[in-house]
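See below for the structure under consideration.
Please treat every number below as a calculation from the coordinates, not as lab data. Keep in mind that what you see is a predicted model, and the values were worked out from it rather than measured. Methodologically, a virtual Cβ is constructed for each residue, glycine included, from the backbone with ideal geometry; neighbour enumeration extends over all protein chains shown.
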Amino acid sequence: MVAVFNKELLSWYLITLKLNQTLDNRLQNAQTPHPQSPQLQINTEQSVKIDCTDSSVSFRESVKIEEGPTSPGTEWAISIKDKLEQAKQDDDSGSWSKLCIYRVPLSLRKDDDKAYIPQIVSLGPYHHGKRRLKNMDRHKWRAVYHILKRTSQEVGLYLNAIREVEEKARGCYEGSLIALGSNEFVEMMVLDGCFVLELFRGAAAGGFKQLGYARNDPVFAMRGSMHSIQRDMIMLENQIPFFILEILYEIQSGNPGIVAKLALRFFDPLMPSDEPLTKRDLSKLETSIGANTKAFDPFTDLGGLHCLDVFRRSLLRTGPKPSPRIWIKKWSHSSRVADKRRQQLIHCVSELREAGIKFKKRKTDRFWDIKFKNGYLKIPRLLIHDGTKSLFLNLIAFEQCHLDCSNDITSYIIFMDNLINSPADVSYLHYFGIIEHWLGSDAEVAELFNRLCQEVVFDINDTYLSRLSEQINRYYDHRWNAWRAALKHKYFNNPWATISFFAAVILLIMTFAQTFYGVYGYYNPRS
C-alpha cells in the first residue's frame, strides 16, 4: 500500500509504471514465448484520505500494490511513506518541550567553531567517543573509583538510579543525534556526572588532596589543565542535565541542594567581573536596588537546566530590570540581524565623547548594570581573559536556542559592540578602568567584540538597554551638547589653553569698550 498526495503525482506514477511495464514486455518477448509474469495492478479510482484526530494526521493508503517486480517508482513512494511515518513519530513524541542542551546552529559557529567544541574533556553524548577526547575517560573512571572507595557504595546503585530517569535525560538532547544504546547512555551519564562532581568538590575543599588524590595528580589538581577543563565544561554542547548531578550527589551525601553552589564556586575563575566591593559599596548597591526588590537567587529559583544555565543565572542575579520600550521607529520590524552594518543601538565611544558624554566606572559586581545620567555613562568593570570569547559565544548561543530564556547577555554584548569600534575606544575605556584585559593588545579586544554578534538574530526593541540607549541618543542629538563639548575640548583641555582663552575674551571686551566709548564721544562730545 502507498499514499498518493495529488493528481499530478498520481499521473507521473502511472506513467512510470506504464513505461516499466512496456520495457518488461519487450524484454520477455525477445527472450521467451512464455506467458508474462504478473504485473502491478493499480486501483486508480481511490482517493487520498486524511483523518485528523487529536492533532495527529494518519495517512491512509489510496493506491494498492500487488505482488510484482519492484520498480524505482515503488521504492521512491515507500521511501516517502517511511519519512512521513518518522515525522509523525517525532511530532507525537513531544520531546521538544524537554530540550535544553542544543547543538549550536551552523550560522553561529561558522566563524569560530573551536569556541563551541571541547578540547580536553567531553560531557554528554554530542562529543562522546571522539578519539582526541578519549584520553580523559580513564581519569573519569578514577573519579568513580575514588567516590565508591570513600562512600563504600556499589556502582550498581548509581546505574540503577540514572536508569530510572534515562528517558527524561535523553529528552534534554536532540534525540536524532544520539546513537547510544540504553546501557551505554546510562554508563556515560554516571561516568560524566561523577567526574563533574569530583571537580566541584575538589574546588570547594580548596584542593583534591582531601579527596584522596595525589598532590601531583595530572587532572585533579587546581593547576595545569584545570582552566581548560573549566572552559570545556561551560560549553553549550558539552553539558549534562543538572538533575543528573543532583541525583548522583544525593546518593553520595544525602544533600542535593548545594550542587549549584559548588558549581558556581568551581566556575568562579570564568566570571567576567571580579570587582571587589567594600561594605559602603554594598550598602549603596542595596539602596539603589530598593528595599522591596526581590533579589534573584540562582540556588533556589526553579533549579538550573545545566551548568551553563546556572552560571548564566548567577551572572544576572538582581531584581527586575527596566522594561523594554519600543522607541526606534525606522527599525520597526520585530527582529533583525545584530550586525553593525544593519543596526546600531548607540554610537561608539569616540563619537559619544565628541557629543560631550563622559564615561565613568560604576562600582558593582553586576557587569551588565549600565547607567546614564546627566551626561555620564557609568559602566561596571569588565574583565576579559582568554576564556571570555568562548564563554560569551556559548551564552549567546544558549539565549538564541532556548525559547524560555531572555536575551540579557546578548543585549549587553551588542551594546558593548556598538560602543567599541576601534582600539582607541578600548584604550579610552581602559583608561577609566571600565575594561581590563589579559589579551595582547587593545586591537584584539576591539576585534573580539566586533565579531561576537555578527549573525545573531536580535530584536532591538526587546532589550533591557532600550530605554538607556534612547536617553543616550537624545543627548547625542542635542546640538548644544556637541558645541559645548567641542568648546571645552578645544579651549579648556589644559591650563595654558584656558588662560589664553580668558585673555582673549578680556582683550575682546576691552576692545569693544574702547570702540564703544570712542563712537559715543564722537556723537556726544562734552560741552
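Just a few scattered comments:
- Chymotrypsin sites (Phe, Trp or Tyr not before Pro) within the stretch 370-422, DSSP loop, no more than 13 other Cβ atoms inside 10 Å: none
- Pairs exceeding 22 Å between alpha-carbon atoms, taken from LYS88/LYS168; LYS114/LYS361; LYS83/LYS114: LYS114/LYS361; LYS83/LYS114.
- Amide H partners (placed H, <5 Å) of PHE458, local residues excluded: ARG336, VAL337, ALA338
- Relative contact order (percent, whole number), the stretch 106-270, Cα cutoff 8 Å, 6+ residue spacing: 33
- Distance between modelled label sites at LYS261 and ALA513, nm, 7 Å Cα→Cβ extension: 7.5
- Remark: LEU236, LEU439 ranked as LEU439, LEU236, counting other beta-carbon atoms within 10 Å and listing the fewest first.
- Given LYS261/LYS373; LYS134/LYS389; LYS110/LYS209; LYS98/LYS261; LYS209/LYS261, the pairs whose alpha carbons are separated by over 32 Å: LYS261/LYS373; LYS110/LYS209
- Exposure proxy ranking for TYR523, TYR213, based on other Cβ atoms within 10 angstrom of each Cβ and starting from the fewest, stands as TYR523, TYR213.
- Contact order for the stretch 336-480, expressed relative to its length and based on alpha carbon pairs under 8 Å spaced 6+ residues apart, stands at 34 percent.
- Restricting the calculation to Cα atoms, the stretch 106-270 shows an Rg/Rh of 0.94 when the hydrodynamic-style radius is the Kirkwood one.
- Order of VAL144, VAL426 under a 10 Å beta carbon neighbour criterion, fewest first: VAL144, VAL426
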